[in-house]
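Quick note: the coordinates plus some simple rules give every number you see, no bench work behind them. Computed from a prediction, not measured in an experiment: that's the story for all the values here. Every residue, glycine among them, receives a Cβ derived from its backbone with ideal geometry; neighbour counts consider all protein chains shown.
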Amino acid sequence: MRYTGKNLIITVNNHAVSYNDEGPDDAPVIVFIHGFPLNKSMWNAQVEELEYSFRVVTYDVRGHGGSGTGDEDFSIELFVKDLLCLMDALKINKTVLCGLSMGGYIALSAIEKYPKRFNALILCNTSCKADTLEAKSNRIKAIESVKENGAEKFAEENLNNLFAPESFATMKIEIAVVREMIVKTSVQTLCNTLLALSIRSETFSKLQDIKVPVLILVGKKDKITPTSFSHLMHEKIKGSSMYIIDHAGHLSNIENPYEFNEQITKFVESGKVKAMNI
């Protein structure tokens, strides 16, 4: 039996997962994976657009939002296992998978390990490369800062990188909401996830093996994963589509939901993706 609604709780892979499951029972499925250190509510504008035509599942990655932390060390591999266990529990055999930033890392790793479970892939403001030595060092420094100064300072230090400069004049409410998401994330989760991101494996060498339709989206003014990162994936994934979202930085789905939603809708309703759902 399927339960629909918001902030549902299910136990999978030895931890409690908070998720939303909305849309018609017999519709194609889209699963959204949020970025770090946010939660499933970052996808609200996408759910509102898509829930009439698709079964839309959003969930909180382990330790984020309303999901439990469990007892295992955080890693992208563990997050992938959580995703597959959630899909199994919700009786989702195949889905379109959409991930932003950290969610993209999880999505790329998931399709590498379980290619038959996905009909299509949407990669947003993300990268296929492992952290450089400098990036690893910066994450370790961030862990030390979070332990010493808490989540509020971490939020203030990161907001400038998450949004395009123009967004600070036009999206004060949205920025406040994102700040609140970060501040409500526990110090333990911030530190554990930063470490997991720093040791993640590259997926660049496996991009040519992706056989499903792929859409790559990136904010024009993304400082964290700039457009060059998306061009690299686009060149490597045969047949992929790429679109640069104007008036947006790293959180392109929040900063320009109209363009973002338009591109997702066109993609999931395209003949190539529909053919994979048959």
Of the residues that sit in the range 202-220 and are within 16 Å of residue 135 (Cβ to Cβ) and within 17 Å of the chain's Cα centre (by Cα), which one is surrounded by the most Cβ atoms within 10 Å (Cβ to Cβ)? 203
For the range 221-250, how many residues are aliphatic (A, V, I, L, M) and crowded, with 22+ Cβ neighbours inside 10 Å? 4
Expected output for the range 103-124 (first residue more than 17 Å from residue 57 (Cβ to Cβ), partner among the small types (Gly, Ala, Ser), Cβ below 7 Å, 6+ apart or cross-chain) is 123/99; 123/104; 123/107
For the range 53-78, the count of residues that are aliphatic (A, V, I, L, M) and in a loop (DSSP other than H, G, I, E, B) equals 1
Set 81, 129: member being on the phi < 0 side of the Ramachandran plot and not in a loop (DSSP other than H, G, I, E, B): 81
Condition first: in contact (Cβ under 8 Å) with a residue 24 or more places away in the chain, surrounded by fewer than 22 Cβ atoms within 10 Å (Cβ to Cβ) and touching an Asp or Glu at 6+ places or on another chain (Cβ under 6 Å). Can you find one or more residues in the range 188-201 that meet it? yes
When residues of the range 100-110 are limited to those that are touching a His at 6+ places or on another chain (Cβ under 9 Å) and more than 20 Å from residue 13 (Cα to Cα), the one surrounded by the most Cβ atoms within 10 Å (Cβ to Cβ): 100
Using the structure shown, decide if residue 176 is in a helix (DSSP H, G or I), under 30 Å from residue 68 (Cβ atoms), among the aliphatic types (A, V, I, L, M) and without any contact (Cβ under 8 Å) to a residue 12 or more places away in the chain. yes
Would you please name the residue that is nearest to residue 222 (Cα to Cα), looking only at residues in the range 95-152 that are more than 19 Å from the chain's Cα centre (by Cα) and of a type in the set (Asp, Glu)? 134
Would you mention how many residues in the range 124-159 are more than 25 Å from residue 242 (Cα to Cα) and either surrounded by fewer than 17 Cβ atoms within 10 Å (Cβ to Cβ) or out of contact with any Leu (no Cβ under 9 Å at 6 or more places or on another chain) (or both)? 21
Do we find a residue being outside any strand (DSSP E or B), more than 23 Å from residue 175 (Cβ to Cβ), aliphatic (A, V, I, L, M) and touching a residue at least 12 places away in the same chain (Cβ under 8 Å) anywhere in the range 16-25? no
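Matching residues to (1) charged (D, E, K, R); (2) buried (at least 20 other Cβ atoms within 10 Å of the Cβ); (3) over 29 Å from residue 276 (Cβ atoms):
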site: 6; (1), (2), (3): yes, no, no
site: 16; (1), (2), (3): no, no, yes
site: 24; (1), (2), (3): no, no, no
site: 31; (1), (2), (3): no, yes, no
site: 38; (1), (2), (3): no, yes, no
site: 48; (1), (2), (3): yes, no, no
site: 51; (1), (2), (3): yes, no, no
site: 54; (1), (2), (3): no, yes, no
site: 62; (1), (2), (3): yes, yes, no
